[in-house]
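Colleague: Please see the structure below; I have some questions.
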Amino acid sequence: MRILFVPVSGPYGMGEFARCSAIASAALERWPHASVHFLLSRHAPYVSRTPFPVTLLPSSATFHSAAVIELMRAWLPDVVIFDNAGRSTQLKAAHRLGARIVFISSRARQRRRAFRLSWMRLIDEHWIAYPKLIAGGLGLVERAKLKLLRRPVVRYLDVIMARGAKRPETVASAAEPDVAAAGGVVVIPGGGTAHPGARDAAAQFLAAARSLAAAGFATTFVGPTEDSGVASSDGASTAALSCVAALPQTDLAALMRGARLVIANGGSTLLQAIACGAPCVAAPIAGDQRERIRRCAAAGVALEAAPSAADLERKARALLEDEPARAALARRAAQLELADGIEAALDAIANLAHRN
């Protein structure tokens with residue numbers, strides 16, 4: 001079985017790649033003889049540590065249909081997974097080659113694209129990357145189109161959590177914090193790149209982490225410290241603060257499961273922290289994250305904050321000093337019982353490959 005992953009990629013963010021990477025790793029665990037391949041922008045900050053075969057493009061695959069189609073013709077994938085990426089010409093080419101097509105949407109715009117009749121006739125499976133709580137249920141028009149065409153299969157992938165059975169050494173960090181030292185604050189600004197409109201987000205999160213550590217709260221910061229504008233005496237740690245540039249997703253999940261509080265942006269990490277049962281403070285660093293955080297706050301599973309060091313610290317300290325409120329957030333997060341999206345994705349891939 002050959003699975004081609006086409007996530008949107010570029011200099012900002014890494015949510016789509018992280019999601020596809022987790023699915024790819026799990027697929028290789030279930031089917032050791034399968035092959036996976038990625039199409040990525042050469043400007044994506046994670047390409048140097050990608051543990052899979054990859055073809056690099058000048059920018060995101062959406063803008064390079066000729067190269068995408070050429071790769072598909074040469075490699076002949078059984079399943080092509082487009083994550084917030086792709087054009088009609090690319091989907092049509094995959095369809096002509098006999099590949100089964102999956103489209104993953106995590107934003108309203110991409111969801112609307114996937115529900116265009118022309119795309120619905122090409123897509124075999126449409127995976128909505130968040131739970132109904134966040135993404136919203138199917139609307140009247142969406143349900144009518146599905147009834148008309150009787151395709152594609154629509155699935156909600158509640159949360160994607162990387163598994164720890166087999167971790168490629170190429171992505172292991174040389175400076176991993178002690179996961180056993182749980183019970184502290186974990187601060188995760190995002191994918192390691194500055195989003196337009198929130199270019200100092202990492203600096204704001206790091207400043208909040210330093211303030212919490214200075215107040216005596218054991219804090220682990222997972223993210224970039226270079227060019228953050230916030231220096232420390234040793235460039236990495238203080239007595240109560242540990243800093244690490246990146247962690248394998250499995251280790252990050254372990255940290256979040258044992259955390260007393262997680263401070264994150266409104267991307268996939270927020271949903272992963274909630275799935276781990278961690279109380280969360282979340283601040284948006286991209287436009288599509290605001291509504292996501294508001295819905296989590298309305299459900300009582302996260303506390304919304306502004307992407308500023310002062311507000312992040314204030315909201316975090318309020319929870320850390322109010323045990324009943326912090327425990328209530330954790331309890332409601334656990335009660336959501338978010339499903340394992342990886343398992344749903346693998347079962348769907350198995351069905352698609354069998355149909356081929």
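The values are calculated or read from the model by the stated rules, or taken from the named source; none is laboratory data. Worth saying up front: this structure is predicted, and the values here are computed from it rather than measured. Every residue, glycine as well, gets a Cβ built from its backbone with ideal geometry; the counts of neighbours run over all protein chains shown. Surface accessibility is based on the protein's heavy atoms, side chains included, excluding ligands, DNA and RNA. Shrake-Rupley method; radii C 1.70, N 1.55, O 1.52, S 1.80 Å.
Colleague: Taking segment 38-78 as the search range and keeping residues that are charged (D, E, K, R) and under 22 Å from Met1 (Cα atoms), which one is most open to solvent (accessible area, probe 1.4 Å)?
Modeller: Within segment 38-78, the subset charged (D, E, K, R) is 42, 49, 70, 73, 78.
Still in the running and under 22 Å from Met1 (Cα atoms): 70, 73, 78.
Numbers: Glu70: 128, Arg73: 150, Asp78: 49 Å².
This residue is Arg73.
Each row is one residue, and each column tells you yes or no for (1) at pLDDT below 90; (2) part of a helix (DSSP H, G or I); (3) over 14 Å from the mean Cα position of the chain (by Cα).
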{"position": "Ser9", "(1), (2), (3)": "no, no, no"}
{"position": "Cys20", "(1), (2), (3)": "no, yes, no"}
{"position": "Glu29", "(1), (2), (3)": "no, yes, yes"}
{"position": "Val36", "(1), (2), (3)": "no, no, yes"}
{"position": "Ala44", "(1), (2), (3)": "no, no, yes"}
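Colleague: Identify, from the list Asp311, Asp340, the residue that is out of contact with any Pro (no Cβ under 9 Å at 6 or more places or on another chain), at pLDDT below 90 and more than 14 Å from Arg260 (Cβ to Cβ). Break it down stepwise before answering.
Modeller: On the way: Asp311 fails: at pLDDT below 90.
After ruling out the rest, the residue left standing is Asp340.
Colleague: Just to verify a result, which residue in segment 139-158, among those that are of a type outside the set (D, E, K, R) and open to solvent by 50 Å² or more (accessible area, probe 1.4 Å), is nearest to the chain's Cα centre (by Cα)? Before you say what the answer is, go through the steps one by one.
Modeller: If we filter segment 139-158 for residues that are of a type outside the set (D, E, K, R), which is where we start, we get 139-141, 144, 146, 148-149, 152-154, 156-157.
So of that shortlist, the ones also open to solvent by 50 Å² or more (accessible area, probe 1.4 Å) come out as 140-141, 144, 148, 153.
Working: Leu140: 28, Val141: 28, Ala144: 30, Leu148: 32, Val153: 22 Å.
Filtering first and then ranking leaves Val153.
Colleague: Another question, then. Looking at Asp322, is it surrounded by fewer than 19 Cβ atoms within 10 Å (Cβ to Cβ), in contact (Cβ under 8 Å) with a residue 12 or more places away in the chain, at negative phi and acidic (Asp, Glu)?
Modeller: Numbers: surrounded by fewer than 19 Cβ atoms within 10 Å (Cβ to Cβ): yes; in contact (Cβ under 8 Å) with a residue 12 or more places away in the chain: no; at negative phi: yes; acidic (Asp, Glu): yes.
In short, no.
Colleague: Tell me which of these Gly300 doesn't satisfy, since it passes every other one: (1) modelled with pLDDT under 95; (2) at negative phi.
Modeller: The number of the failed condition is (2).
Colleague: Given Ala278, Ala264, Ala299, which one is more than 16 Å from the chain's Cα centre (by Cα) and closer than 26 Å to Arg109 by Cα?
Modeller: Values: Ala278 fails: closer than 26 Å to Arg109 by Cα; Ala264 fails: more than 16 Å from the chain's Cα centre (by Cα).
Just a single option satisfies the conditions, and that option is Ala299.
Colleague: Let me ask something additional. Could you say which residue among Ala283, Ala305, Ala278 is open to solvent by less than 10 Å² (accessible area, probe 1.4 Å), closer than 18 Å to Pro131 by Cβ and touching a strand residue (DSSP E or B) at 6+ places or on another chain (Cβ under 7 Å)? Spell out how you get there, then give the answer.
Modeller: Numbers: Ala283 fails: closer than 18 Å to Pro131 by Cβ; Ala305 fails: closer than 18 Å to Pro131 by Cβ.
Step by step, each of Ala283, Ala305, Ala278 is checked, and only Ala278 is open to solvent by less than 10 Å² (accessible area, probe 1.4 Å), closer than 18 Å to Pro131 by Cβ and touching a strand residue (DSSP E or B) at 6+ places or on another chain (Cβ under 7 Å).
Colleague: Which of the residues belonging to segment 104-129 are of a type outside the set (Lys, Arg) and in contact (Cβ under 8 Å) with a residue 40 or more places away in the chain?
Modeller: Ile104, Ser106, Ala108, Asp124, Glu125, Trp127, Ala129
Colleague: When you scan segment 325-356, how many residues do you find that are closer than 30 Å to Ser211 by Cα and either surrounded by fewer than 15 Cβ atoms within 10 Å (Cβ to Cβ) or touching a strand residue (DSSP E or B) at 6+ places or on another chain (Cβ under 6 Å) (or both)?
Modeller: Within segment 325-356, the first condition is being closer than 30 Å to Ser211 by Cα, and the residues that meet it are 325-334.
Retained after the next criterion (residues that are either surrounded by fewer than 15 Cβ atoms within 10 Å (Cβ to Cβ) or touching a strand residue (DSSP E or B) at 6+ places or on another chain (Cβ under 6 Å) (or both)): 325, 327, 331.
Residues in segment 325-356 being closer than 30 Å to Ser211 by Cα and either surrounded by fewer than 15 Cβ atoms within 10 Å (Cβ to Cβ) or touching a strand residue (DSSP E or B) at 6+ places or on another chain (Cβ under 6 Å) (or both): 3 in total.
Colleague: Can I ask one more? Under 8 Å between Cβ atoms, at least 6 apart or on separate chains: pull out the pairs that start in segment 8-28 with a residue that is under 20 Å from Gly266 (Cβ atoms) and end on any residue that is open to solvent by less than 10 Å² (accessible area, probe 1.4 Å) and part of a helix (DSSP H, G or I).
Modeller: Taking only residues 6 or more apart or on different chains, the pairs are Val8/Ala61; Ser9/Ala61; Ala22/Ile342.
Colleague: Of the numbered conditions (1) open to solvent by 10 Å² or more (accessible area, probe 1.4 Å); (2) touching a His at 6+ places or on another chain (Cβ under 6 Å); (3) small (Gly, Ala, Ser), Ser118 fails exactly one; give the number of that condition.
Modeller: (2)
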